[in-house]
Amino acid sequence: MEKSVEILPNVFLDESFGENSPNTRQRESLYASLNHSFVGVHGAIEGAYRFYADSYGIVAHTLQVSWLQHLGANVILTPSFRYYTQTAARFYYYNLDETSIIPVRIPIGTAPYYTSDFRLSAEDAASYGLKIAWKASNYLQLDASYERYAMQGRDGVTPASAYPTAGISTVGVKFLW
Amino acid sequence: MPARVRPWERSALADDIMNPDRDPLGTAAAEHVYFSREPHQGAVAWAGAAADATEPQALSL
């Protein structure tokens, strides 16, 4: 957390302070998912939605849609798309310069709260991926997936460089006995 | 209430692609990746997901 502090008359210095968040956080979420089979094409669609809200003032929605396609008897190919969006915590500031908040050296967990953690800013993330699962035998299943993930801020203040993009690779091996 | 699933539809329902919990470990791994960047947590239908995720704490004194 940065704030420009007047250390002498008309002499300002940018100083860093620790984040000060509430000591407690109440989280609520609701999740619903729906699968629908398309027998004629050996596929199914899966849609999932999650609502999330917490006492920091963050409200988030997640939507994920996947298509599950059988290729032959032993392979399932799954392209998917995921979208996530959240509002900012009510005490998120990129810096404290335009505020009347006087930050403390050691976080005390009582108001006024402030954070510049990008994860608590207004942001969206979109990703798309592809997964292939292969039932190699009755005892062995293998899967591999790749997902492209990109997050971006919505507040117009926090720099774009704060938000990550990622390539996510996963390999899974499942033994059954 | 009469069952709305027809007998010949039961095999479709038994198919792995109709099971949201077909890969709980993969789901947990994906949730962990998301959770390190997004503060939302919980309420995934299948077991284990995000339950062991530790909340990242930012502290820069």
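The values are calculated or read from the model by the stated rules, or taken from the named source; none is laboratory data. The shown structure was predicted, so the numbers you read here are calculated from the model rather than taken from an experiment. Cβ: placed from backbone, ideal geometry, glycine included. Neighbour counts: every protein chain shown.
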Quiz prompt | Top-ranked residue in region A:16-27 [being surrounded by 11 or more Cβ atoms within 10 Å (Cβ to Cβ) and not charged (D, E, K, R); ranked as farthest from the other protein chains (Cβ to nearest Cβ)] | solution = A:Pro22
Practice problem: Kindly indicate whether A:Leu30 is in a strand (DSSP E or B) and under 21 Å from the mean Cα position of the chain (by Cα). | Solution: yes
Quiz item: Does at least one position in region A:103-125 carry a residue that is under 26 Å from the mean Cα position of the chain (by Cα) and under 28 Å from A:Phe38 (Cβ atoms)?
Solution: no
Quiz item: Is region A:130-145 home to any residue that is over 20 Å from B:Ala29 (Cα atoms) and within 25 Å of the chain's Cα centre (by Cα)?
Solution: no
Quiz item: For region A:112-123, does any single residue satisfy the condition of being more than 13 Å from chain B (Cβ to nearest Cβ) and without any contact (Cβ under 8 Å) to a residue 40 or more places away in the chain?
Solution: no
Exercise. Filter region A:37-55 down to the residues that are over 27 Å from the mean Cα position of the chain (by Cα) and part of a strand (DSSP E or B), then identify the one that is surrounded by the fewest Cβ atoms within 10 Å (Cβ to Cβ).
Key: A:Phe38
Quiz item: Looking at A:Ala166, A:Ala160, which is the one that is within 21 Å of the chain's Cα centre (by Cα) and free of Cβ contacts under 8 Å to residues at least 12 places away in the same chain?
Solution: A:Ala160
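Residue by residue, here is whether (1) modelled with pLDDT of 80 or more; (2) more than 20 Å from A:Glu28 (Cβ to Cβ); (3) more than 8 Å from chain A (Cβ to nearest Cβ) holds:
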{"site": "B:Arg6", "(1), (2), (3)": "yes, yes, yes"}
{"site": "B:Ala28", "(1), (2), (3)": "yes, yes, yes"}
{"site": "B:His32", "(1), (2), (3)": "yes, yes, yes"}
{"site": "B:Phe35", "(1), (2), (3)": "yes, no, yes"}
{"site": "B:Val44", "(1), (2), (3)": "no, no, no"}
{"site": "B:Ala49", "(1), (2), (3)": "no, no, yes"}
{"site": "B:Ala53", "(1), (2), (3)": "no, no, yes"}
{"site": "B:Ala58", "(1), (2), (3)": "no, yes, no"}
Quiz item: So which of A:Leu68, A:Leu34, A:Leu13, A:Leu30 is hydrophobic (A, V, I, L, M, F, W, C), touching a strand residue (DSSP E or B) at 6+ places or on another chain (Cβ under 8 Å), exposed (fewer than 14 other Cβ atoms within 10 Å of the Cβ) and facing chain B (nearest Cβ under 7 Å)?
Solution: A:Leu30
Quiz prompt | Complete set of residues in region A:1-49 that are among the charged types (D, E, K, R) and modelled with pLDDT of 95 or more | solution = A:Glu46
Quiz item: For region A:86-99, does any single residue satisfy the condition of being free of Cβ contacts under 8 Å to residues at least 12 places away in the same chain, more than 9 Å from every other protein chain (Cβ to nearest Cβ) and not aromatic (Phe, Trp, Tyr)?
Solution: yes
Quiz prompt | Residue check for A:Tyr83: of a type in the set (Phe, Trp, Tyr) and within 11 Å of chain B (Cβ to nearest Cβ) | solution = no
